[in-house]
Amino acid sequence: MDHKDKVCADPWAKDLRNKACSDRLPFANFGSHQHQNKWEDPSILDYGMRIEPSFQKLSQPSEDQTSLPCNSNNEKTIADGEDVQMNDILHASKIQDWDPRTMLTNLSFLEQKIHQLQDLVHLIVGRRGQVQGRPDELVAQQQQLITADLTSIIAQLISTAGTEAPVKLQINSGSKLSEQPNQTDLITNYGTEQSYNIEEHESKDEEDADDGENLPPGTYEILQLEKEEILAPHTHFCAICGKGFKRDANLRMHMRGHGDEYKTPAALAKPNKESSSEPTLIKRYSCPYAGCKRNKDHKKFQPLKTILCVKNHYKRTHCDKSYTCSRCNTKKFSVIADLKTHEKHCGKDKWLCSCGTTFSRKDKLFGHIALFQGHTPAIPMDETKTTVGPSEHGEGSEAPNRVGSINFNFGSIVPSGSGLVQNIMDVKESVDDPTSYFSPLNFDTCNFDGFHEFPRPPFEDSESSFSFLMPGSCNYTQKTGGESNSKKVE
Amino acid sequence: MATTTTKLKRSSSLQSIKSQKAILNTNTNFFHFLSDELIFIVLDFLTPNPIDRKSFSLVCKSFYSLESKHRRTLTPLRSEHLPTILTRYPSVTRVDLTLCPRITDASLITISNACKSNLQSIDLSRSKNFSGAGLQSLALNCKNMVEIDLSNATELRDSGAAALAEAKNLERLWLGRCKMITDMGVGCIAVGCRKMKLISLKWCLGVGDLGIELLALKCKDLQSLDLSYLPITEKCLPSIFKLPHLEDLVLEGCFGIDDDSLAALKHGCKSLKKLDISSCQNISHNGLASLTSDGVLEQLVLSHGSPVTLALADSLKKLPMLQSIKLDGCSITYAGLQAIGNWCVSLRELSLSKCPGVTDEGLSSLLTKHKDLRKLDITCCRMITYTSIDRITLSCTALTSLRMESCTLVPREAFVLIGQRCRFLEEIDITDNEVDDEGLKSISRCSELSSLKLGICLNITDEGVAQVGMCCSKLVELDLYRCTGISDSGISAIARGCPGLKMINIAYCKDITDSSLISLSKCSSLNTVESRGCPLITSLGLAAIAVGCKQLVKLDIKKCINIDDAGMIPLAHFSQNLRQINLSYTSVTDVGLLSLASISCLQSLTILHLKGLTASGLAAALLACGGLTKVKLQATFKSLLPQALFEHLEARGCLFLWRDKFFRAELDPQCWKLQLEDNIL
């Protein structure tokens, strides 16, 4: 156990150091550029099947270069990426035919290339100190250059892995390197650094359910996927052709087409089966979004239990709600399952209270009214319901949506570095300027002296404005976008 | 009125001469020296009669303004005059709109803006065409509103109920037959009107457990709750029974309530005085056993429920305060009646109307114990005989009300006992019995008698009725329907001896002539005259009634074939209070009908088989009678008149009932009764 902890702790420390650097130097461009690369090339996501010379070999240079954040990160991505795949393919079967010589040639070629790139980046860093005054054009050029190089390295890595993977497995299984280093941390941290200005975003998801376990820090292993991985439609990629799969089993079936070595029963078996017999370290996940309570750097970090939790949490909390309910055209969701759940009940939540809360069952509404003083059943104005509803709702929900979408863009399709900077500006603007949250219309619709008037027609987002008015009595807000909105208002 | 005014004049002039001599000149109105308060006291005594108030206000300008200030209750005839009458009467606290079939939101807004917080009570039970908007205006502007009657507002929706919820001081609310109101509306009222003391939700079929539960939870002051025919179950009962002040609970026809539901009664509702669970088929003696002995229940209505057996009677015997029990329509056993007779309490009121199974034996054993009985209803207990009447009259000498319609086996001698032994009777219903003149003479000893129903008593003649007229001076209501032995002499004796008579029915007393009506015209309080099928009555008699009985509200002269337009004209002129008239089969024509239009409060008109009536005359009359709410017409007119006319009248609030009956010749009375008995058997 001790040994494992050490191995685990090492990248941690490194990570933190890097982080500290980047904190002082919020130099966003490079990191985000990196993202773009990764996104565009699906094969890079296939960390599971990549072959890699050895962990120490590549991580060593990056260790030396911690003072140069951009570069070291760049390196580290690759280095860390390899470690993951070791774990993933740890229990693969024996190798049928492996030519170590080919492998060696490939690796030394790669090494050479990486060193070249490393030198180049060194150069750039050196120059940058001198030409600090005129940034944009030069930066863009340098970026392009490095990106091109990196892309080629990655492509080669993958092709190497295609043939060499089983070999590597053998090596790794011998050294029992089962821990998964936090290979994505740096990149994601970089990515999120840019959104530091966005206020702390605490939200109650259903992931909170696992908070009760209260594992002492250190007893579990923290993994952090990067956004791209979280948001990728497929989580398993073929190392040879790059085809993506939702399930590992499907990938393994697919692999059979790439050669007879994948056809053995062992290759087709579930990779985790053997490890289940021995005591494994509990795995917990961290959200890559800096400042999020689910991010491991948060003071009150609360880990997420499974990858699915991570995915849902990230999409719900930090992503644009891109799925709109086709029935009401108002409710938006970022997780398609949530949409489906909602659509089952959409339109059936016809029982509403003057406080704006809706209920799918009449008895629940009456229980609610019996409980709270001053609440009264709200009679839907049949005539006005349809016309007033959407327009008011639009105002209410626009602000949070905008922020959400920008966050999302951050990690994904950002056209160029300069564009990104603008984007950041946008975010700041929308965060700093409270009027974007409080459109005047939003205020108009509020009922300032209690419940004396007829409640407004039912629409979900009204909750946020109501809860703002009487924070004491509105602890029952629903876990929707509206909530985060109200939080920010406070 | 006239005497009051003169007295007033005399006293005031005396006073003014004494004290204010110096200032007097010939033109001074002496009443200026009377303070308003004094005149208001005088006016207080005029309250029962609206016509007196009217003539008072017409005496002079100052009287007019004084009367305007004094009046508290308004019963307008036309909603279009509301703005003016509301400015004339600034201190009105109650507006009764039962004569205005069409009350729009605009009218309600007018009322609410004019009366403001003065208004305490409004009756909209007979009005239509208003909505939640009008009610909201009332609720918001009239902050002191205590009482609203919205019965029959069948179009009223939850939004209207929600508007009512703004009337925070509302204490009494009637919503009978508001079928569109649901739990949501009742929930709004429950939350809004926390001072509610009485609410009637009879026939509000959209209201269920949730609404009632919330009502009981939020309105802790509720004293009276009518939930008849609601689809409620045991879910809402516990919270109802927890109401600390509930006295009157009506659960008539709540089929969802059963024995288990009533179990909650064991733990609560110590204040309940009156419980009505009639027509609740699922409640048996097991449920009634939940009524505990530490309650104060005084009145229990179990009509049309489960059979009254020994078990049921026993389950109620421990109720210490019970005074009245109604078992109408329940099949009843001897053991059950006997067990009721063994209760420790002495009942004041017992109703066994239409109970199959009531025998002489059972009734006798019951009555031996309950000697304090004041009211007894044994209507249609067809098995009882002389023995029962003997027992009743012997043990219950304090009876004030005896209703025994159609106790056909009771012989004529038995009725003599009633008059001999029960001197305190105020109300007697012996319709369709064998009573004869001897019995009637005996009954006339009940000097307190105010209501006597003798319908279809074919054995009585003028002799007996005259005796009643001579002795029962307090008689208010006399029903002689199909008493064919009665003629003018009997009626004139009644008219002479009973000046307070308000209601008389002489239908199908075929020997009655104008002289009866002329003598009846002395009874100035008469408000209901039914003289159907009296072929000898002419317009002359009717004119006498019209002139003499200014209070006349309801007149039925169907099949009085000799009444024609000549009778209608004095009627139209003098009977300004007439609301309901049946003219079918008379000789009235267009002219007579049209003249009736001058009766401004005429609401109901039945005009079938009027030979002299033309389509255009009918149309003119219908248009002229602005306050009509119900018209019964021959179906042939439907095609003869333009549809737009009916639409217009319906929009005014008038309902049309189309009848397509053939003319039927009148049967001989004896023959009619035989036919009736055939139908029963």
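The values are calculated or read from the model by the stated rules, or taken from the named source; none is laboratory data. All of these numbers come straight from a predicted model, not from anything done at the bench. Cβ: placed from backbone, ideal geometry, glycine included. Neighbour counts: every protein chain shown. To get the accessible areas, we keep the full protein, side chains included, count just its heavy atoms, and leave off ligands, DNA and RNA. Shrake-Rupley method; radii C 1.70, N 1.55, O 1.52, S 1.80 Å.
Filter the range B:587-606 for residues that are outside any helix (DSSP H, G or I), open to solvent by 10 Å² or more (accessible area, probe 1.4 Å) and more than 19 Å from B:E650 (Cα to Cα) and give the result. Within the range B:587-606, B:S587, B:T589 qualify. When each of A:F366, A:F301 is tested for being within 12 Å of chain B (Cβ to nearest Cβ) and either assigned to a helix (DSSP H, G or I) or at pLDDT 80 or above (or both), the lone residue that passes is A:F366. Of the helices (runs of 4 or more DSSP H) that lie entirely inside the range B:430-545, not one contains 2 or more residues that are in contact (Cβ under 8 Å) with a residue 60 or more places away in the chain.
Could we say that B:F56 is over 29 Å from B:C549 (Cβ atoms), crowded, with 17+ Cβ neighbours inside 10 Å and of a type outside the set (A, V, I, L, M) here? No; evaluated as a whole, the condition is false for this residue.
Contact map, the range B:623-644: residues that are surrounded by 15 or more Cβ atoms within 10 Å (Cβ to Cβ) paired with residues that are acidic (D, E) and part of a strand (DSSP E or B), Cβ distance under 9 Å, separation 6+ or inter-chain. No pairs are found.
The set of residues in the range B:225-259 being within 14 Å of chain A (Cβ to nearest Cβ) and in a loop (DSSP other than H, G, I, E, B) consists of B:P231, B:I232, B:T233, B:K235, B:C236, B:K242. So, B:L316, is that one closer than 25 Å to B:C380 by Cβ and buried (at least 21 other Cβ atoms within 10 Å of the Cβ) or not? Against the criterion (closer than 25 Å to B:C380 by Cβ and buried (at least 21 other Cβ atoms within 10 Å of the Cβ)), B:L316 qualifies. Residues in the range B:468-494 that are within 23 Å of B:C560 (Cα to Cα), touching a strand residue (DSSP E or B) at 6+ places or on another chain (Cβ under 9 Å) and surrounded by fewer than 23 Cβ atoms within 10 Å (Cβ to Cβ): B:E477, B:D479, B:Y481. Scanning the range A:351-360 for residues that are facing chain B (nearest Cβ under 10 Å) and open to solvent by 10 Å² or more (accessible area, probe 1.4 Å) yields one hit, A:W351. You will find that of B:K128, B:K69, the residue that is of a type outside the set (A, V, I, L, M, F, W, C) and out of contact with any helix residue (DSSP H, G or I) (no Cβ under 8 Å at 6 or more places or on another chain) is B:K128 and no other. If I ask for residues that are acidic (D, E) and closer than 9 Å to B:L583 by Cα, which ones from the range B:554-568 would you list? If the condition is that a residue be acidic (D, E) and closer than 9 Å to B:L583 by Cα, then B:D556 is the only one that fits. From the residues in the range B:442-455 that are of a type in the set (D, E, K, R) and surrounded by fewer than 19 Cβ atoms within 10 Å (Cβ to Cβ), which one is farthest from B:L501 (Cα to Cα)? If we take residues in the range B:442-455 being of a type in the set (D, E, K, R) and surrounded by fewer than 19 Cβ atoms within 10 Å (Cβ to Cβ), then B:R445 is farthest from B:L501 (Cα to Cα).
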